[in-house]
Amino acid sequence: MKFVASLTMSASDLRQAIQLWDASGDPRNPFAHVLVSPLFIQPSTLRIVREELKERRGSQVYFDSGGYYVQQGRLAYEELYGLLMDYYRQNRWADWYVLPDWVPTSHDDSQTVEHKVRATITVSRLFYDELPDELKGRVLPVVQAHTKAQVIACMEIYSQFAVGPIGFGSFGTSGSTNGVNTVTDQSVEMLRALIDLAKRGGFDIHLFGVSTPPLSCTSSSNWKWTALTAWPG
């Protein structure tokens, strides 16, 4: 298992965190694997991620799709495709590219969940097909599912083109804007179903971070964690 630090902090906070790490002399690298949402992060923060962390220190960088912001209602899922495609085409320096996903919330009825899951599957495949060839080996599709049948439907398509990890993002949601992700019995059941399928196909699983209960914690409230867990086939 390895942890991927999701960087949502400002450029000044990130510089300070790097300086504190350097001053500590700790050989462990908290920035070995980092995830950023390039459409929503400050350009100055992204510049540090690229120049200081990736180019100078060899960090592995994940570009997140920004599906969390769709989940919060900050933009429509239909808007995400074009914005993300343009950015990915123009910025080919990341190690992994998360495909656009539409998160079903805990408040959605079964029909809405099914619609979002099917849209995620269809759009992920279309997005992959439209990507430049050099990026196709670095995509990270995301399973969104509230039923085992939906997990299977996702994996049937993703296994046709994915060569790296498969993401899982269907945790419970709460809060006025569905901005808090939580571990529920349902999400654990879906994750177990995905792990079983991933083992058979030899895929790793990337677990997108949750807020309650915390998977990990740091001194900064603006710093979240996601976990990448290897499940050998």
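The values are calculated or read from the model by the stated rules, or taken from the named source; none is laboratory data. All of these numbers come straight from a predicted model, not from anything done at the bench. Every residue, glycine as well, gets a Cβ built from its backbone with ideal geometry; the counts of neighbours run over all protein chains shown.
Of everything in region 34-67 that is over 18 Å from residue 10 (Cα atoms) and of a type outside the set (Lys, Arg), the residue that is surrounded by the most Cβ atoms within 10 Å (Cβ to Cβ) is 65. Residue pairs whose Cβ atoms lie under 7 Å apart, sitting 6 or more positions apart in sequence or on different chains, and linking a residue in region 129-142 that is basic (Lys, Arg) to a partner that is surrounded by 11 or more Cβ atoms within 10 Å (Cβ to Cβ), are 136/128; 138/95; 138/96; 138/97; 138/164. Taken together, the residues in region 50-83 that are touching a residue at least 60 places away in the same chain (Cβ under 8 Å) and in a strand (DSSP E or B) amount to 1.
Scanning region 89-126 for residues that are among the polar types (S, T, N, Q) and assigned to a loop (DSSP other than H, G, I, E, B) turns up 91, 105, 106. Remark: pairs (first residue in region 152-166, farther than 13 Å from residue 193 by Cβ; second residue part of a helix (DSSP H, G or I) and charged (D, E, K, R); Cβ separation under 7 Å; 6+ apart in sequence or on different chains) = 157/125. Hey, does region 4-18 have a residue that's at pLDDT below 95, on the phi > 0 side of the Ramachandran plot, small (Gly, Ala, Ser) and crowded, with 17+ Cβ neighbours inside 10 Å? Checked region 4-18: no residue is at pLDDT below 95, on the phi > 0 side of the Ramachandran plot, small (Gly, Ala, Ser) and crowded, with 17+ Cβ neighbours inside 10 Å. Could we say that residue 86 is crowded, with 21+ Cβ neighbours inside 10 Å and either in contact with a helix residue (DSSP H, G or I) (Cβ under 6 Å, 6 or more places away or on another chain) or assigned to a helix (DSSP H, G or I) (or both) here? When the stated conditions are applied, residue 86 does not pass them.
Pairs linking a residue in region 93-116 that is more than 14 Å from residue 144 (Cα to Cα) to a residue that is at pLDDT 95 or above and basic (Lys, Arg), with Cβ atoms under 8 Å and 6 or more positions apart or on different chains, are 93/50; 93/54; 94/138; 95/138; 96/138; 97/138. For region 62-110, residues that are farther than 12 Å from residue 39 by Cα and of a type in the set (Asp, Glu) total 5. A count restricted to region 127-155 and to residues that are outside any helix (DSSP H, G or I) and charged (D, E, K, R) stands at 1. Criterion applied to 70, 61, 98, 49 was being under 22 Å from residue 154 (Cα atoms), under 18 Å from the mean Cα position of the chain (by Cα) and modelled with pLDDT of 95 or more, and the one residue passing it is 98.
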